[in-house]
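Data first, discussion second: the structure below is written as structure tokens.
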Amino acid sequence: VGLDFVYGEVTPQGVLKPLDGQQRLTTLFLLHWYVASRADVLDPNESWTRFRYATRLSAEYFCHELVTNAWPHNEGDPRDWITDQAWYLFPWRTDPTIQSMLVMIDSIHERLSREAHNFKALWERLTSRDVEAISFLFLPIDDMESGDDLYIKMNSRGKPLTEFEIFKARFEKLLEASGKQTELSEKFDREWSNLLWHYEGGNSLVDEEFMNYLAFIVDVCDWRCGRTRGDEALLDRARRVFVEQDDAETHLGFLFFAFDTWVSEKASDDLPAQVFSRLFSAGADSGSGLVLFESQDPNLFGACLENYGTKLFSLAETILLYAVIAFRQLRPGASEEVLLQRLRSLRNIAESAPDDVRNEYMPELITATAKLMTDPDDTYLDGLRRFNQARIDDEKRKREFLAAGDPELTSAVHALEDHELLRGRLFSFDLDQRTFEERARTFREVTADHVLPQLASALLTKGDYSRRLGSRRQFGVPGQRQGGGSWRDVLTSGSWERREATRDALAQLLVDVASRQGTVEDALDNIVSRWLAEQEAAGVYGWQYYFVRYPSMLAAPKGM
């Protein structure tokens with residue numbers, strides 16, 4: 001049979017590069033694979049197996065896997081067998097070239113299964129060099145327009161390229177001089193596409209996910225160079241950090257690692273989800289990992305793919321995701337216990353501090369994050385520029401407190417840090433080895449939802465615990481819980497030194513409640529009643545008396 005004209009060129013190395021005739025030649029290739037498998041003579045070293053899709057790397061990889069894996073023809077249809085193999089990647093389900101090849105394999109199978117054949121004889125006929133069974137007329141394009149221009153004209157009616165496809169093609173071109181172009185192309189089309197396919201959003205594409213994660217990586221590299229995010233196009237910024245910068249090679253290494261670290265040996269495994277479910281818990285998630293106060297999804301990798309660059313993925317989450325990747329890259333032998341310890345400190349100083357985590361601060365914050373995650377244990381909290389120093393000092397106090405005491409206190413400290421009214425800061429607590437555990441337990445009792453309305457008045461009987469803001473003062477609003485309300489501001493703002501009055505008042509209250517008879521509610525009521533009776537008996541009617549007697553006086557917006 002003749003296949004008519006095939007347009008193309010033959011390189012000086014003897015490689016035929018067809019410009020037109022793709023479908024006919026691919027069918028010829030698939031016919032070879034099918035007959036060789038049925039004849040049990042498939043040899044991946046034969047010349048016909050060198051058929052490649054040089055401009056479509058996903059299809060090229062598929063062809064490579066096909067010729068190295070013979071179909072065991074006693075096991076059902078070839079298409080079902082192929083799509084059930086471990087080497088068959090998820091993204092191939094929507095690759096039009098690969099899906100077309102599977103359709104053609106189906107057609108060949110249907111045609112050659114209608115009757116019995118001697119497949120060894122078929123193979124000899126198909127591959128005979130003496131009497132060619134199949135031929136085509138070859139028309140060189142040497143005297144025609146350039147191959148690229150002709151290709152564009154012939155394919156101009158195809159679907160428009162997506163933003164990611166355009167970026168990918170231009171980005172790969174940028175990396176020609178680095179020697180990484182081929183590796184990058186292969187990873188985009190194979191391992192990385194398979195990784196991101198777990199997060200495909202229902203449109204059978206992972207283009208947006210790729211663009212979001214690449215934007216995250218480029219932002220991190222820009223910040224590490226001391227630049228803040230501007231309005232430049234992503235490709236221009238990628239050119240700068242991965243090509244033009246003096247440390248471009250380092251940034252390129254980070255790019256590859258930021259993807260490769262999540263690639264599992266099993267294509268079906270969602271490695272990021274497994275890792276982040278151990279590290280974090282968030283929102284309605286009831287996992288045992290470190291509590292994230294502002295996040296709704298503990299899988300920061302997946303959240304980044306979906307929402308990076310929007311308000312749904314904060315700068316604090318960006319810092320935490322970078323922290324995990326930096327630790328995996330720069331501390332490969334360290335334990336997950338060390339990682340969790342560093343992440344807890346980072347969460348405490350960054351995650352609930354939106355005023356301290358801004359775009360203009362990100363270069364210093366990213367540098368400080370890398371230091372916190374990778375420095376030795378005795379220095380990782382030193383010299384963290386731009387993070388709030390009072391919170392860093394609080395972390396150091398807690399670290400010294402735990403190092404000098406009973407290891408069982410660690411769980412009590414962590415539980416108190418995770419409290420939604422404290423969010424990692426213990427400015428309002430005395431770190432006393434003898435009393436800490438009991439007071440931490442009592443604090444959780446007096447701040448329970450059903451008890452909190454009574455706390456504002458009861459605490460004021462022990463002293464002026466308010467937070468001073470110029471001529472104003474802020475108190476805990478009775479019953480205000482949503483988002484922590486004014487209680488979190490009062491208990492965690494400022495510094496250790498400025499919270500001395502709050503510490504004293506809170507310590508006295510917790511001691512009284514801990515020694516109670518009856519319920520916590522009864523204890524708080526008794527504390528208020530007794531104090532009011534004492535003030536009235538002594539004829540002392542200061543401002544605190546009226547605030548305690550009439551709780552509505554504490555109900556100003558935000559407790560101010």
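The values are calculated or read from the model by the stated rules, or taken from the named source; none is laboratory data. Source: prediction; values computed, not measured. Quick reminder, even Gly has a Cβ in these numbers, built from the backbone with ideal geometry, and neighbours come from all protein chains shown. Calculation scope for accessible area: heavy atoms of the full protein, side chains included, ligands and nucleic acids excluded. Shrake-Rupley method; radii C 1.70, N 1.55, O 1.52, S 1.80 Å.
Determine whether segment 52-71 contains at least one residue that is farther than 25 Å from ALA116 by Cβ, open to solvent by less than 30 Å² (accessible area, probe 1.4 Å) and over 35 Å from the mean Cα position of the chain (by Cα).
Among the residues of segment 52-71, at least one is farther than 25 Å from ALA116 by Cβ, open to solvent by less than 30 Å² (accessible area, probe 1.4 Å) and over 35 Å from the mean Cα position of the chain (by Cα), which makes the answer yes.
State the number of residues belonging to segment 86-115 that are assigned to a loop (DSSP other than H, G, I, E, B) and surrounded by 12 or more Cβ atoms within 10 Å (Cβ to Cβ).
5
Tell me, which residue of segment 506-524 that is out of contact with any helix residue (DSSP H, G or I) (no Cβ under 6 Å at 6 or more places or on another chain) and closer than 22 Å to SER486 by Cβ is most open to solvent (accessible area, probe 1.4 Å)?
Across segment 506-524, the extreme among qualifying residues is GLN508.
Cβ contacts < 6 Å: first residue over 14 Å from ASP207 (Cα atoms) and among the charged types (D, E, K, R), restricted to segment 165-181; second residue open to solvent by less than 40 Å² (accessible area, probe 1.4 Å) and outside any loop (DSSP other than H, G, I, E, B), any location; separation 6+ or different chain. Result?
ARG170/LEU235; GLU172/LEU184; GLU172/SER185
Restricting attention to segment 209-236, which residues are open to solvent by 10 Å² or more (accessible area, probe 1.4 Å), part of a helix (DSSP H, G or I) and closer than 20 Å to TYR322 by Cα?
Answer for segment 209-236, where residues must be open to solvent by 10 Å² or more (accessible area, probe 1.4 Å), part of a helix (DSSP H, G or I) and closer than 20 Å to TYR322 by Cα: GLU209, MET211, ASN212, ALA215, ARG224, LEU234.
Which members of segment 17-57 meet the condition of being assigned to a loop (DSSP other than H, G, I, E, B) and closer than 20 Å to LEU3 by Cα?
Within segment 17-57, GLY21, PHE51, ARG52, TYR53 qualify.
Against the condition over 39 Å from the mean Cα position of the chain (by Cα), surrounded by 17 or more Cβ atoms within 10 Å (Cβ to Cβ) and not basic (Lys, Arg), how does VAL477 come out, does it pass?
no
Quick one: in segment 367-386, which of the residues that are under 17 Å from ALA316 (Cα atoms) and in contact with a Ser or Thr (Cβ under 9 Å, 6 or more places away or on another chain) is surrounded by the most Cβ atoms within 10 Å (Cβ to Cβ)?
Looking at residues that are under 17 Å from ALA316 (Cα atoms) and in contact with a Ser or Thr (Cβ under 9 Å, 6 or more places away or on another chain), I get LEU372.
List every residue pair whose Cβ atoms sit under 9 Å apart, with the two residues 6 or more apart in sequence or on different chains, where the first one lies in segment 43-65 and is within 17 Å of LEU28 (Cβ to Cβ) and in contact (Cβ under 8 Å) with a residue 12 or more places away in the chain and the second, anywhere, is part of a loop (DSSP other than H, G, I, E, B) and polar (S, T, N, Q).
THR49/THR68
Which residues, taken from segment 288-319, are in contact with a Pro (Cβ under 9 Å, 6 or more places away or on another chain), within 16 Å of PRO272 (Cβ to Cβ) and among the polar types (S, T, N, Q)?
ASN299
Restricting attention to segment 73-85, which residues are among the β-branched types (Val, Ile, Thr) and open to solvent by 20 Å² or more (accessible area, probe 1.4 Å)?
THR83
Being under 30 Å from GLU232 (Cβ atoms), touching a Leu at 6+ places or on another chain (Cβ under 8 Å), hydrophobic (A, V, I, L, M, F, W, C) and in contact (Cβ under 8 Å) with a residue 60 or more places away in the chain narrows it down to one of LEU384, LEU343, LEU300, LEU305, so name that one.
When all the criteria are applied, what remains is LEU305.
Step by step: first the residues of segment 401-418, then only those that are assigned to a helix (DSSP H, G or I) and not aliphatic (A, V, I, L, M), then the one that is most open to solvent (accessible area, probe 1.4 Å). Which residue is that?
SER411
Hand me the list of helices (runs of 4 or more DSSP H) wholly inside segment 288-361 holding 2 or more residues that are of a type in the set (Phe, Trp, Tyr) and at pLDDT 95 or above.
315-330
Return the residues of segment 478-494 that are under 14 Å from ALA555 (Cβ atoms) and either modelled with pLDDT of 85 or more or in contact with a Cys (Cβ under 9 Å, 6 or more places away or on another chain) (or both); say none if nothing qualifies.
SER486, TRP487
Here is a yes/no grid of residues against (1) part of a loop (DSSP other than H, G, I, E, B); (2) of a type in the set (Asp, Glu); (3) closer than 30 Å to LYS558 by Cα:
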position	(1), (2), (3)
ALA368	no, no, no
ASP378	yes, yes, no
LEU384	yes, no, no
ILE392	no, no, yes
ARG441	no, no, yes
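Any idea which of (1) open to solvent by 30 Å² or more (accessible area, probe 1.4 Å); (2) assigned to a helix (DSSP H, G or I); (3) over 19 Å from LEU320 (Cβ atoms) is the one ASP269 doesn't satisfy?
Unmet condition: (2).
Just to be sure I understand the filter: pairs with C-beta atoms under 8 Å, separated by 6 or more residues or on different chains, first member in segment 419-445 and farther than 15 Å from SER515 by Cα, second member in a helix (DSSP H, G or I) and of a type in the set (Ser, Thr, Tyr). Which pairs pass?
That search, which allows pairs on different chains as well, returns LEU421/THR492; LEU422/THR492; ARG423/THR492; ARG425/THR492; PHE427/THR492; PHE427/THR502; SER428/THR492; SER428/THR502.
Kindly list the number of the only condition in (1) surrounded by fewer than 17 Cβ atoms within 10 Å (Cβ to Cβ); (2) under 29 Å from the mean Cα position of the chain (by Cα) that fails for PRO453.
Of everything listed in (1) surrounded by fewer than 17 Cβ atoms within 10 Å (Cβ to Cβ); (2) under 29 Å from the mean Cα position of the chain (by Cα), PRO453 misses just condition (2).
Kindly establish whether GLU317 is among the charged types (D, E, K, R), under 17 Å from TYR213 (Cβ atoms) and crowded, with 21+ Cβ neighbours inside 10 Å.
The answer is yes for GLU317.
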